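The values are calculated or read from the model by the stated rules, or taken from the named source; none is laboratory data. Quick caveat: nothing in here was measured; it's all calculated off a predicted structure. Glycine also receives a Cβ, built like all others from the backbone with ideal geometry; neighbour counts cover every protein chain displayed. Surface accessibility is based on the protein's heavy atoms, side chains included, excluding ligands, DNA and RNA. Shrake-Rupley method; radii C 1.70, N 1.55, O 1.52, S 1.80 Å.
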Amino acid sequence: MATSAREAQQGAAQGIRTGTEYIDSLRGRKLKVYLFGELVDEPVDHPVIRPSVNAVAETYDLAQRNPELGTALSPYTGTRINRFLHIATSADDLVNQNKMQRRMGQLTGTCFQRCVGMDAFNSLHSVTFEIDEQHGTGYHQRFLDFVRDMQLAGYVIGGAMTDVKGDRSKAPHQQADPDMFVHVTRRTEAGVYITGAKAHQTGCLNSHWLIVMPTMRLGEADKDYAIVGALPVDADGITYIYGRQSCDTRSMDGDLDAGNAKFAGQEAMIIFDDVFIPNELIFMDGEHDYAAMLVERFTCYHRRSYVCKSGVGDVLIGAAATVADYNGVDKASHIRDKLVEMTHLNETIYSTGIASSYQASEMKSGVYLNDDMIANVCKHHVTKMPYEIGRLAQDLAGGLMVTMPSQKEFEHPEIGDLIRKYLQGRPEIATEDRMRIMRLIENMTLGRNAVGYLTESMHGAGSPQAQRIQIARQAQLGFKKALAKTLAGIAPDTADEIAGDLADYMGRVFQTSGEAD
Ligand SMILES: Cc1cc2nc3c(=O)[nH]c(=O)nc-3n(C[C@H](O)[C@H](O)[C@H](O)COP(=O)(O)OP(=O)(O)OC[C@H]3O[C@@H](n4cnc5c(N)ncnc54)[C@H](O)[C@@H]3O)c2cc1C
Ligand code: SF4
């Protein structure tokens, strides 16, 4: 891999366009990756890793099949680029991101891994601009040069925000071990060296470049932790430790037992040991007062990116409806009602995400930022609703979902026929199909893709309490109290005062389309 963004772009003159080109681009990179206690020779060909590569490859193939949805016209290259690399210059751009995310969830049934980089790009656009404005630094132009190079090359960007964090009650500089948060250890004229570790990094091995960012609000004493920079995934000094997923070795056991043999998500821990970032790829260094702004803007984008789960939910609802059909109970009123409930929950996730994107504002840098209140409401729904949708899918599946024998028994010369006979549902449905749909539900609610559909829904983009804090901050209780007091006839609030207080979130709610930003 080239070590500068410019070399990388020149090396990929046409840019990566198809899923096959993408998969080829990942080969031969000599990454240091540990999985099951061993160094992995070629991650792309490892049976546990490959389904996660396929999920990212699908983002390229979608762009080929449906360029309206999967690509956007870049103002930086003047060409159509993959939408995951696009900087949003309108509310429509944000809405289209959400539509693409739902579609990708439908096509893969898992986490397709590219949204963290997309949301990091969009948040850094405005934050670098505003740092420059206050500090006279040159981050924004550097960042735009990097964005352009990545767009031309068609690369995948991983967003590395979450540190391992040690004692959660302490700031970075208060930790017993300073490496609990990624930080600058030394500086040279050419750049900085960083050390530390990032946890739960989605799709990091499947990326070409990583952007490291701070994970929380930082103070003056945490200055060395206020570092944002880009680096190639195969930079010297990086070690990846692959995360185990529930039932991940099913991917080595044959396609029936896997449930979803083709697609999966990916998370790994990234350890940085004295890793160099050259000056031209540094987008924040020491401006600690902008760490909170970056985290808040990133999570604002990312919390509504979780409409991805509505696409995955579409698959699970379809699986539940199919199993009910195969079991001969699809016309029962409680089954229909449960499918309605699942749909209602799923569309609630989608509605809030898409509403947040529609209610966007233009930032000083020209990028659009979706609505923070509704993004947090969307993500907070996501911490709960997929669990209820999963519970209902398991209800409709029946217990066989967790007690059925393996593919080896199904194919066994002696007992295979017995399984086909005794695990038959409706006689016109092949027993194998009934097993396949149950394995898919198992995969999504208990297996590999439950990581993406359930626990990632809980903690990804911040645990539930992080959303409640943001919702509380924007709740405008004073304004709402004034509304109530006025109607109750409690002085001194008046209707005029209330009308004049349409600020912050309420200001965005009542902005009419004629008052575009
Ligand atoms: C599948 C998956 C994929 C992810 N992908 C990415 C990624 O690509 N990039 C990335 O940067 N991050 C990623 N994340 C990380 C995600 O943002 C974090 O999981 C999330 O911020 C929570 O951090 P944590 O896991 O360390 O949990 P913890 O911080 O340990 O939280 C556990 C509990 O403790 C509470 N808690 C934590 N700190 C405090 C405190 N100071 N006071 C009171 N309560 C506290 C939390 O609210 C929560 O209830 C991913 C996570 C998952 C699960
Ligand atoms: S969890 Fe959803 S939003 Fe996040 S990277 Fe995966 S698919 Fe994208």
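Segment 19-123 holds strands (runs of 3 or more DSSP E) entirely within its bounds, and those carrying 2 or more residues that are under 19 Å from G265 (Cβ atoms) and modelled with pLDDT of 95 or more map to 33-35.
Residues are listed down the side, and each one gets a yes or a no for (1) in a helix (DSSP H, G or I); (2) under 30 Å from A171 (Cα atoms); (3) more than 16 Å from ligand 1 (Cβ to nearest atom); (4) open to solvent by less than 20 Å² (accessible area, probe 1.4 Å):
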residue	(1), (2), (3), (4)
E280	yes, yes, yes, no
F298	yes, yes, no, yes
L316	yes, no, yes, yes
V323	yes, no, yes, yes
L339	yes, no, yes, no
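Counting the residues of segment 43-91 that are in contact with a Leu (Cβ under 6 Å, 6 or more places away or on another chain) and open to solvent by less than 10 Å² (accessible area, probe 1.4 Å) gives 3. Inside segment 143-181, residues that are on the phi > 0 side of the Ramachandran plot and more than 21 Å from the chain's Cα centre (by Cα) make up a count of 1. For D257, the conditions (1) open to solvent by 20 Å² or more (accessible area, probe 1.4 Å); (2) closer than 30 Å to L446 by Cα all hold with the exception of (1). Among the residues making up segment 424-464, those that are open to solvent by 30 Å² or more (accessible area, probe 1.4 Å), among the hydrophobic types (A, V, I, L, M, F, W, C) and either in contact with a Pro (Cβ under 9 Å, 6 or more places away or on another chain) or within 16 Å of ligand 1 (Cβ to nearest atom) (or both) are L446, V451, M458.
When residues in segment 165-207 are screened for being out of contact with any Asp or Glu (no Cβ under 8 Å at 6 or more places or on another chain), polar (S, T, N, Q) and closer than 18 Å to G229 by Cα, 2 of them pass. Of all residues in segment 143-182, those satisfying the criterion of being in contact (Cβ under 8 Å) with a residue 12 or more places away in the chain and among the basic types (K, R) are R148, K165. Applying the set (1) open to solvent by 40 Å² or more (accessible area, probe 1.4 Å); (2) aromatic (F, W, Y); (3) within 29 Å of L94 (Cβ to Cβ) to Y290 leaves exactly one unmet item: (1). Being part of a helix (DSSP H, G or I), over 30 Å from E189 (Cβ atoms), of a type in the set (S, T, N, Q) and within 16 Å of ligand 1 (Cβ to nearest atom) is a condition met by at least one residue of segment 304-312. Among the residues making up segment 105-125, those that are near ligand 2 (Cβ under 7 Å from one of its atoms) and farther than 16 Å from L454 by Cα are R114, C115, V116. The set of residues in segment 469-487 that are over 39 Å from the mean Cα position of the chain (by Cα) and among the charged types (D, E, K, R) contains only K485. For segment 92-114, the count of residues that are more than 16 Å from ligand 1 (Cβ to nearest atom) and within 17 Å of V156 (Cα to Cα) is nonzero.
Report yes if some residue within segment 242-252 is in contact with a Pro (Cβ under 8 Å, 6 or more places away or on another chain) and under 30 Å from T185 (Cα atoms); otherwise report no. Checked against the condition, which is being in contact with a Pro (Cβ under 8 Å, 6 or more places away or on another chain) and under 30 Å from T185 (Cα atoms), segment 242-252 yields no hits at all.
Filtered by the rule that a residue be of a type in the set (A, V, I, L, M) and surrounded by fewer than 24 Cβ atoms within 10 Å (Cβ to Cβ), segment 102-117 gives a lone residue, L107. For segment 124-142, does any single residue satisfy the condition of being within 16 Å of ligand 1 (Cβ to nearest atom), within 13 Å of the chain's Cα centre (by Cα) and in contact (Cβ under 8 Å) with a residue 40 or more places away in the chain? The answer is no; no qualifying residue exists.
Looking across segment 126-150 at every residue that is open to solvent by less than 10 Å² (accessible area, probe 1.4 Å) and not small (G, A, S), the one that is farthest from ligand 2 (Cβ to nearest atom) is identified as I131. Contact map, segment 379-399: first residue in contact (Cβ under 8 Å) with a residue 40 or more places away in the chain, second residue assigned to a loop (DSSP other than H, G, I, E, B), Cβ cut-off under 7 Å, separation 6 or more or different chains; pairs are K379/Y306; K379/A461; V382/Y306.
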